[in-house]
Amino acid sequence: MIQKLIKDLYRNGFCEFDSHDNLMYFHQDEGKQITEDDLNRATEIAEKHGLSVNVYGHTDLTMTIEINQET
């Protein structure tokens, strides 16, 4: 499911540059700044794949997607 999410995010202009545990870090194509709309779009994409996530700006150029672990 995570690999499908990453592929879908790539198709939508996001590029993964690091991940570990339940955190994935992305930037936009061509160094574009991350906007609130981008964060919302990434959240919608993840939810479409059935994932519960928190998406937040890490810096102006990167965002973090935290996948909530089910207990």
Completion exercise
Restricted to the range 11-31 and to residues being free of Cβ contacts under 8 Å to residues at least 12 places away in the same chain and over 17 Å from residue 53 (Cα atoms), the residue nearest to the chain's Cα centre (by Cα) is 11
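Matching residues to (1) buried (at least 17 other Cβ atoms within 10 Å of the Cβ); (2) not in a helix (DSSP H, G or I):
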{"residue": "5", "(1), (2)": "yes, no"}
{"residue": "10", "(1), (2)": "no, no"}
{"residue": "19", "(1), (2)": "no, yes"}
{"residue": "54", "(1), (2)": "no, yes"}
{"residue": "63", "(1), (2)": "yes, yes"}
{"residue": "69", "(1), (2)": "no, yes"}
Handout entry: In the range 21-43, the residues that are assigned to a helix (DSSP H, G or I) and in contact with a helix residue (DSSP H, G or I) (Cβ under 7 Å, 6 or more places away or on another chain)
Key = 42
Practice task
Could you check how many residues of the range 39-52 are surrounded by 13 or more Cβ atoms within 10 Å (Cβ to Cβ) and either touching a residue at least 24 places away in the same chain (Cβ under 8 Å) or touching a Ser or Thr at 6+ places or on another chain (Cβ under 7 Å) (or both)?
Solution key: 7
Problem - the range 21-38, subset buried (at least 17 other Cβ atoms within 10 Å of the Cβ) and in contact with a Gly (Cβ under 8 Å, 6 or more places away or on another chain), residue modelled with the highest pLDDT - result: 34
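The values are calculated or read from the model by the stated rules, or taken from the named source; none is laboratory data. All of these numbers come straight from a predicted model, not from anything done at the bench. Virtual Cβ from ideal backbone geometry, glycine too; neighbours counted across all protein chains shown.
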